[in-house]
Amino acid sequence: MTLSQKPRVRFAPSPTGFLHVGGARTALFNWLFARHEGGTLLLRIEDTDVERNKPELVDGILAALKWLGIEWDEGPFFQSQRLDMYRAAAERILASGAAYACYCKPAAYAGGDAAEGHEGEGDDEGAKGTKNIACPCRDLTDADRAAKEKEGIPRAIRFRTPRAGTTKFEDAVFGSREVQNAEIEDFVLLRSNGLPTYQLSVVVDDIDMRITHIIRGADHLSNTPKQVLIYQALGAAPPLFAHVPLILGPDRTRLSKRHGATSVGSYAEEGFLPEAFRNFLALLGWSPGEDLQFLRTNELIQRFTLSGISRTNAIFDRAKLEWFNTQYLQRPPVEELLPYVEAKLKRAGLWEGSQASRDPAWFARAVDLIRPRTRLLTDFSGWARAFFTDNFEYDPEAREKFWKDEKVPALLAKLTEVLTALPDWNHDACDAALRGVAAAEGVKAGLLINATRVAIVGRAVAPPLFETMVVLGKDRVIARLRRAFEFLSAR
């Protein structure tokens, strides 16, 4: 890569599962780096594993990336459509003498492929080093090979790893790395069924796509020497590697389903905001260099550098993710939040025909009142549903706690009468009316405040009562007070 060349990076998931947290973090780091440097992000689907691939998962991966706000510039490219290129590269390496034909049964050379792992899932089990496997086919004579070809024995193509010396590469995170060639097995490039291995296809693609930087999980460090050897055999300079730390659960083991949800789609379903998730993911293994937490996406792009990536494994902290979500629910301008709340209300069947759908200004006021008490987007269609529909239940615990006083029905009836007569409907008028009723009836204002809150929103915990009454409006409040009185009278 020359000084004037803009970086070209890629995210390369395999459609063998959903997009998980580790893969999403890898995609995010590539995207942030490309945007910071004015470079290009490619999306490549590594779908050559015919036994494990599920084509229908591709749409889910693309949808998860789009939800996360990661926009790729080129692609998606599919490896399954590029098989001839991989076969040609394997034959070229074979012809150069850097590889040899292997006639062993597939089970015998499976070990040479055991270190494979696609790069879309940095939190899954990844590459592990294997000891050098001595394949007898390496030393076959021309006559031996001709005899096996004549017998029609299927052949794989295996890389002829040098027996001596070392293989070196530069890593932006881990520094200069050097591996003894004696520790690298003669790994398979092309299987006997004509399908490429991960090691071959990834290098051929990265050369063809002019990739300058490879940003991926640290579980791929052990794959890198093999890939460097392939680059050399194909006469190409390796890109700069940047292996990012793994993501662990709170118990310091690999993040997995037992730690809770791990797929990006599940967090979207739960009600996390994309930007909150981006902010949280970005700080799993990367630091802006200061003690900063809340970073809007434009700030992440501005600050992101490979030098900020840590070598230390990151810990996935669900409580911290929820904290980020509350920040993004509460701090940005309410207008940024409205489309997400609208989408949740539509999914819950609370949008069509509602006041929120008819009156944008009212919708913004309601969301602004509710959001200081929310943790997830689903709260708007959950505990706050009474703001958007008259079809809500009274919470049994709230009912039991705040409607148990035998004076409550009469108090609600009197309050309804007084509120109906109010000429102005505002915070102070509602406040004065309720406190006046409480004083006249000889009860503490708190008793009537709590009983009224349950009557108009069905819950004990909600935004401040008088602000809630103003947002709901006079007609709805009075109708709900009458409904509560009827409910209590029927008991």
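The values are calculated or read from the model by the stated rules, or taken from the named source; none is laboratory data. No experiment lies behind these values; they were computed from the predicted model shown. Note that each Cβ is placed from the backbone with ideal geometry, even for glycine, and that neighbours are counted across all protein chains shown. Heads up: the accessible areas ignore ligands, DNA and RNA and are worked out on the full protein's heavy atoms, side chains in. Shrake-Rupley method; radii C 1.70, N 1.55, O 1.52, S 1.80 Å.
What to note about this one:
- Close pairs from the range 360-374: first over 18 Å from ASN325 (Cβ atoms) and touching a residue at least 60 places away in the same chain (Cβ under 8 Å), partner open to solvent by less than 10 Å² (accessible area, probe 1.4 Å) and assigned to a helix (DSSP H, G or I), Cβ under 6 Å, at least 6 apart: ALA366/PHE387
- Of everything in the range 254-272 that is charged (D, E, K, R) and at pLDDT 90 or above, the residue that is most open to solvent (accessible area, probe 1.4 Å) is GLU269.
- Options LEU448, LEU488, LEU434, LEU472: the member that is under 38 Å from the mean Cα position of the chain (by Cα) and at pLDDT 95 or above: LEU472
- Residue check, ILE456 closer than 23 Å to ARG482 by Cβ and touching a residue at least 12 places away in the same chain (Cβ under 8 Å): yes
- Residue match in the range 67-75 (condition: outside any strand (DSSP E or B) and either modelled with pLDDT under 95 or farther than 30 Å from GLU299 by Cα (or both)): no
- Given (1) part of a helix (DSSP H, G or I); (2) touching a residue at least 40 places away in the same chain (Cβ under 8 Å), index of the condition TRP425 fails: (1)
- A Cβ distance below 7 Å, combined with a sequence gap of six or more or placement on separate chains, defines the contacts here; from the range 270-289, residues that are within 15 Å of GLU336 (Cβ to Cβ) and of a type in the set (Lys, Arg) reach residues that are open to solvent by 10 Å² or more (accessible area, probe 1.4 Å) and assigned to a loop (DSSP other than H, G, I, E, B) in the pairs ARG278/GLY69.
- Here the range 137-161 is the region considered, the condition is being assigned to a helix (DSSP H, G or I) and open to solvent by less than 30 Å² (accessible area, probe 1.4 Å), and the residue that is farthest from SER192 (Cα to Cα) is ARG138.
- When the range 215-250 is limited to residues that are of a type in the set (D, E, K, R) and touching a helix residue (DSSP H, G or I) at 6+ places or on another chain (Cβ under 8 Å), the one that is farthest from LEU376 (Cα to Cα) turns out to be LYS226.
- Output for the range 436-461, where each listed residue is hydrophobic (A, V, I, L, M, F, W, C) and in contact with a helix residue (DSSP H, G or I) (Cβ under 6 Å, 6 or more places away or on another chain): VAL437, ALA438, ALA445, LEU448, ILE449, ALA451, VAL454, ALA455, ILE456, VAL457, ALA460
- Scan of the range 434-467 for residues that are open to solvent by less than 10 Å² (accessible area, probe 1.4 Å) and either touching a Leu at 6+ places or on another chain (Cβ under 7 Å) or not in a helix (DSSP H, G or I) (or both), ordered by number: LEU434, VAL437, ALA438, LEU448, ALA451, THR452, ALA455, ILE456, GLY458, PRO463
- Just one of the listed residues (LEU195, LEU190, LEU221) is at pLDDT 90 or above, open to solvent by 10 Å² or more (accessible area, probe 1.4 Å) and closer than 18 Å to ARG44 by Cβ, and it is LEU195.
- Restricting the range 11-42 to residues that are in a loop (DSSP other than H, G, I, E, B) and of a type in the set (Gly, Ala, Ser), the residue that is nearest to HIS243 (Cα to Cα) is ALA12.
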